[in-house]
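**Q** First the structure, then my questions, so here it is.
The values are calculated or read from the model by the stated rules, or taken from the named source; none is laboratory data. Note that the coordinates shown come from a computational prediction; the quantities given were computed from them, not determined experimentally. When we count neighbours, we look across all protein chains shown, and the Cβ atoms used for this are built from the backbone with ideal geometry, even at glycine. Calculation scope for accessible area: heavy atoms of the full protein, side chains included, ligands and nucleic acids excluded. Shrake-Rupley method; radii C 1.70, N 1.55, O 1.52, S 1.80 Å.
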Amino acid sequence: MSATSHRRVPHAGGSAPVIDALGRAVVPAREPRRIVSLVPSLTEALFALGLRDEIVAVTRYCVEPVGLVERVETIGGTKTPDLDAIRRLEPDLVIASAEENVREHVETLIDAGITVYVSLPSTVREAMKELRDLEALTGQTGAADPWLVPAESLVAELAARRPASGMRYFCPIWRRPYMVAGPETYMTDLLHVCGGENVYGPGSARYYPVELAEAMARGPRVVFLPNEPYPFAARHLPEIQAFSDVPAVREGRVHLVDGQLVTWYGPRIATALQTFAALLQESS
């Protein structure tokens, strides 16, 4: 979408702040013209908002959108950013994540006087709210409408028709050890909205280790194996299919899925909702 096809709202000294995941009121001193993104999914979202020259640095894990992000300077990984390089770039705004980035790194940037917006959505609705925050912070009002309005409508539609008892699923995010997402995560809420019910509840952390045998003993009716953050692939299917008495295996409902759909939020939210709602409905 063109950056000129929506209303660009200039920043004013008295503009209303947005509140980030740390509870901080974030107001750039001026309309951001130099943005550093430390969050792969939000890098994609920034481009989708129509920003191009404004994005001056990203992490090496920021791989979308292909064809555009390769032109931007990289400043290390999400956990290992070059903080000196970020300071030298003199950004108007840094986009960070309380989950993906290291707290001490974020605090160092804040202490250096850099405007930092910290993201941590626990639900699909919170993610959509944060995307609206990015619109406001960057002066790109309305830029997300083509992909965010359909997502907002889908969330309402799926919530209205969600059955009282969801389809029980197992969706690991890691292997050796197997790990799952707890209830207060974007991933779990996405699958919940789509009609799923995690076979696991709260754990010792937002993401925590489990035993595969125990997971399968909980009788999931569908298993999702995403290709990120752990690269689950066809070679891992036999490990799951060995549990032949489990409903998901017995009924052929073990699915290799796009990990970006289940963990990234931004222009792909509507597609994610459609994809997993369809898979979970097929499993009903």
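**Q** Just to be sure I understand the filter: pairs with C-beta atoms under 6 Å, separated by 6 or more residues or on different chains, first member in the range 166-177 and within 16 Å of Ala278 (Cα to Cα), second member open to solvent by less than 20 Å² (accessible area, probe 1.4 Å) and assigned to a loop (DSSP other than H, G, I, E, B). Which pairs pass?
**A** Hits for this filter: Gly166/Gly195; Met167/Gly195; Met167/Ser283; Arg168/Val199; Arg168/Pro220; Tyr169/Pro220.
**Q** Find all pairs meeting these conditions: Cβ atoms under 8 angstrom apart; at least six residues apart or on different chains; first residue within the range 53-68 and free of Cβ contacts under 8 Å to residues at least 24 places away in the same chain; second residue assigned to a strand (DSSP E or B) and of a type in the set (D, E, K, R).
**A** Correct list of pairs: Val58/Glu73.
**Q** Out of the residues in the range 73-88 that are under 21 Å from the mean Cα position of the chain (by Cα) and open to solvent by 10 Å² or more (accessible area, probe 1.4 Å), state the one that is farthest from Asn101 (Cα to Cα).
**A** The selected residue is Thr74.
**Q** Here's another thing I want to ask about it. Which of (1) under 30 Å from Pro32 (Cβ atoms); (2) among the basic types (Lys, Arg); (3) touching a residue at least 40 places away in the same chain (Cβ under 8 Å) is the odd one out, the single condition Arg221 does not satisfy?
**A** The number of the failed condition is (1).
**Q** Give me the pairs, please: first residue somewhere in the range 182-209 and among the charged types (D, E, K, R), second residue anywhere and open to solvent by less than 50 Å² (accessible area, probe 1.4 Å) and in a loop (DSSP other than H, G, I, E, B), beta-carbon distance under 6 Å, and either six or more positions apart or on two chains.
**A** These pairs meet every condition: Glu184/Ser122; Asp189/Thr123; Glu197/Gly166; Arg206/Gly182; Arg206/Thr185.
**Q** Follow-up. What do you reckon, is Gly266 more than 23 Å from Ala164 (Cβ to Cβ), part of a loop (DSSP other than H, G, I, E, B) and at pLDDT below 95?
**A** So Gly266 fits the description; yes.
The rows are residues; the columns are (1) hydrophobic (A, V, I, L, M, F, W, C); (2) over 19 Å from the mean Cα position of the chain (by Cα); (3) closer than 28 Å to Glu239 by Cα; (4) at pLDDT 95 or above.
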position	(1), (2), (3), (4)
Gly166	no, yes, yes, no
Cys171	yes, no, yes, yes
Leu191	yes, no, yes, yes
Tyr200	no, yes, yes, yes
Pro209	no, yes, yes, yes
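**Q** Since Asp53 meets every condition but one in (1) acidic (Asp, Glu); (2) out of contact with any Pro (no Cβ under 8 Å at 6 or more places or on another chain); (3) outside any helix (DSSP H, G or I); (4) surrounded by 15 or more Cβ atoms within 10 Å (Cβ to Cβ), which condition does it not meet?
**A** For Asp53, the failing item is (4).
**Q** Additional query: Does Val63 qualify as being surrounded by fewer than 21 Cβ atoms within 10 Å (Cβ to Cβ), of a type in the set (A, V, I, L, M, F, W, C), at pLDDT 95 or above and under 30 Å from Cys194 (Cα atoms)?
**A** yes
**Q** Report whether or not Thr123 is over 17 Å from Pro32 (Cβ atoms) and either open to solvent by 40 Å² or more (accessible area, probe 1.4 Å) or in contact (Cβ under 8 Å) with a residue 12 or more places away in the chain (or both).
**A** yes
**Q** Among the aliphatic types (A, V, I, L, M) and within 22 Å of Arg60 (Cβ to Cβ): which single residue out of Leu93, Leu154, Leu137, Leu131 fits that description?
**A** Result: Leu93 is the single residue among Leu93, Leu154, Leu137, Leu131 that is among the aliphatic types (A, V, I, L, M) and within 22 Å of Arg60 (Cβ to Cβ).
**Q** On the basis of being of a type outside the set (Phe, Trp, Tyr), farther than 25 Å from Thr123 by Cα, open to solvent by 30 Å² or more (accessible area, probe 1.4 Å) and within 26 Å of the chain's Cα centre (by Cα), does Ala234 make the cut?
**A** yes
**Q** Considering each of Ala143, Ala181, Ala112 in turn, give the residue that is farther than 30 Å from Glu251 by Cα, buried (at least 22 other Cβ atoms within 10 Å of the Cβ) and at pLDDT 95 or above.
**A** Ala143
**Q** Which condition does Leu261 not pass, out of (1) in contact with a Lys or Arg (Cβ under 8 Å, 6 or more places away or on another chain); (2) open to solvent by 10 Å² or more (accessible area, probe 1.4 Å); (3) not in a helix (DSSP H, G or I), if it passes all the others?
**A** (3)
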